[in-house]
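The structure appears below as structure tokens.
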Amino acid sequence: MTKGGESVLKKNDEILLTVKGCTVQGSGVCDYNGMTVFVRGAVTGDHVIAHIIKVKKTYAVGIIKKITQRSPIRIKPECAVSDKCGGCCFAHISYGAELEIKQTQVADNFRRIGGLDIDLKPIIGSPSSARYRNKAQYPVGKDGDFAQIGFYAPMSHRIIDCADCSLQPEDFRRVVDIFRDWIRKRKISVYDETAHKGLLRHIYIRKGFVTGEIMVCLVANGRSVPFTDELIEALKNEISGLKSVVFNVNTKNTNVVLGEECITLYGTDYITDELCGLRFNISPLSFYQVNHDGAEILYNKAKEYAGLTGGETLIDLYCGTGTIGLTMARDAKQLVGVEIVPQAVENAKKNAENNGIDNARFICADASKAAEVLFEEGIKPDVVILDPPRKGCDEALLETVSKMSPERVVYVSCDSATLARDCARFLSYGYEVAEATPVDMFPRTGNVECVAKLIRK
């Protein structure tokens, strides 16, 4: 072990550290003679002997060799493979401590990246920190004759076999077992991403938590897989609520899970679920929040920030299948939704029709271009909803939104870093952050949603 007085840290050193903090990626933050050391899997309050695996000029990375004193926030993980799988970086700490880490991360991003001192409300936790996900994507591989079905290890495409993920409904475990038996019995060809050969790539499952309806999707490197009739029969016999079995064609040499073509093998092209009192159709390619109960909390907070009274024009950019905008439509004069994915736009139109909402229209276009067209049409929104992908909004979109001069902008984000950046940009267009609220939609993972209310000065 390296002596405490040495200032130079080298790879393969083993050092005693006290963990002072924790990152949102699940690494403990330590100080060693003025150098920051990140230790994977360590938590605030741990005392550990760390094995150093990487040394840079300003920081080092280590892994736990031994825990000499356990932190009071450390718990026993519910999942047997959480230390190997790349999904749950907070499986080993109490949920209350996890929420504190996420609250601090959001506050730090607003202050450090945005340079903003805002009214940040306390984080709202998920109603459940287990079995909350309504969607799962399982990569499929083989180890000899054994079918590997699970999740990727961190920073790799090495599959960690997982029979039952504690974040997924128990129905999903049975679906995976049926696939495993089918693959073994019928010697189904499994995809090798290195050689770009083999058929079955992923198993993709969705569930409507209110309706109980389940969709099972086979993702394959080809247009057919043999013996699917036997698979469907097994699923029908053993999976309560099975409504749809879909074949997704993905022949591209890419890391993207789903291809663009879907072929329904059994049942309907979609499943349905209820959210905020509305009923939604969910197809394989539709965006739908993975945490149903958390989504209701998030959308109700966004609705509160929108401050609708019945006479407003509401524009929902990045609207997906229309879920967030449609939950507000009955409190507005009119809703205009914008989405670039054609199938999602068709789903949004159908969702409006199914719920008897006749004051909504949806445009299939890039958010920036559509916002410019709406501006040229003279549509002047009172409220604009932004729910962009993780990368946030580009400058052109922010400029066009500001030209429309809405009284309020409600910004929903899955990345508080880009949210903080964009909120700072809005300052130059005459808007300021009235307040923001983090909402934990992804317990046990390093992700957290946040919704911000911006008002025109």
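The values are calculated or read from the model by the stated rules, or taken from the named source; none is laboratory data. Values in this document were obtained by computation on a predicted structure and should not be read as measured data. All Cβ positions, glycine included, derive from the backbone under ideal geometry; neighbour counts span all protein chains shown.
So which of K349, K391 ends up being touching a helix residue (DSSP H, G or I) at 6+ places or on another chain (Cβ under 9 Å) and either surrounded by fewer than 22 Cβ atoms within 10 Å (Cβ to Cβ) or more than 30 Å from F442 (Cα to Cα) (or both)?
Of K349, K391, the one residue that is touching a helix residue (DSSP H, G or I) at 6+ places or on another chain (Cβ under 9 Å) and either surrounded by fewer than 22 Cβ atoms within 10 Å (Cβ to Cβ) or more than 30 Å from F442 (Cα to Cα) (or both) is K391.
A424 is checked against (1) in a strand (DSSP E or B); (2) small (G, A, S); (3) surrounded by fewer than 17 Cβ atoms within 10 Å (Cβ to Cβ) and fails just one. What number does that condition carry?
Only one criterion is unmet by A424, namely (1).
From the list A91, A50, exactly one residue is of a type in the set (A, V, I, L, M, F, W, C) and touching a Leu at 6+ places or on another chain (Cβ under 8 Å). Which is it?
Just a single option satisfies the conditions, and that option is A50.
On the given criteria, is L308 assigned to a loop (DSSP other than H, G, I, E, B), in the same structural domain as S413 (by TED's automatic domain parsing) and surrounded by 18 or more Cβ atoms within 10 Å (Cβ to Cβ)?
Numbers: assigned to a loop (DSSP other than H, G, I, E, B): yes; in the same structural domain as S413 (by TED's automatic domain parsing): yes; surrounded by 18 or more Cβ atoms within 10 Å (Cβ to Cβ): yes.
For L308, the condition - assigned to a loop (DSSP other than H, G, I, E, B), in the same structural domain as S413 (by TED's automatic domain parsing) and surrounded by 18 or more Cβ atoms within 10 Å (Cβ to Cβ) - is met.
Looking at (1) under 30 Å from A195 (Cα atoms); (2) in contact with a strand residue (DSSP E or B) (Cβ under 9 Å, 6 or more places away or on another chain); (3) of a type in the set (A, V, I, L, M), which is the only condition M155 fails?
Checking M155 against (1) under 30 Å from A195 (Cα atoms); (2) in contact with a strand residue (DSSP E or B) (Cβ under 9 Å, 6 or more places away or on another chain); (3) of a type in the set (A, V, I, L, M), the one that fails is (2).
Within region 93-125, which residues are surrounded by fewer than 21 Cβ atoms within 10 Å (Cβ to Cβ) and either under 30 Å from D161 (Cβ atoms) or of a type in the set (D, E, K, R) (or both)?
S94, Y95, A97, E100, D108, R111, R112, D117, D119, K121
Name the single residue that is nearest to Y132 (Cα to Cα) among those in region 257-296 being of a type in the set (D, E) and over 19 Å from the mean Cα position of the chain (by Cα).
Initial filter on region 257-296 (of a type in the set (D, E)): 260-261, 269, 273-274, 293, 296.
In the following step, the residues that additionally are over 19 Å from the mean Cα position of the chain (by Cα) were identified as 260-261, 269, 274.
Working: E260: 27, E261: 28, D269: 24, E274: 15 Å.
Going through the qualifying residues, I end up with E274.
Quick one: which strands (runs of 3 or more DSSP E) sit completely within region 156-225 and have at least 3 residues that are in the same structural domain as E260 (by TED's automatic domain parsing) and crowded, with 19+ Cβ neighbours inside 10 Å?
Details: elements: 159-161, 200-207, 214-220.
The strands (runs of 3 or more DSSP E) meeting that bar are 200-207, 214-220.
Being at negative phi and either assigned to a helix (DSSP H, G or I) or within 19 Å of the chain's Cα centre (by Cα) (or both): is that true of V336 here?
No.
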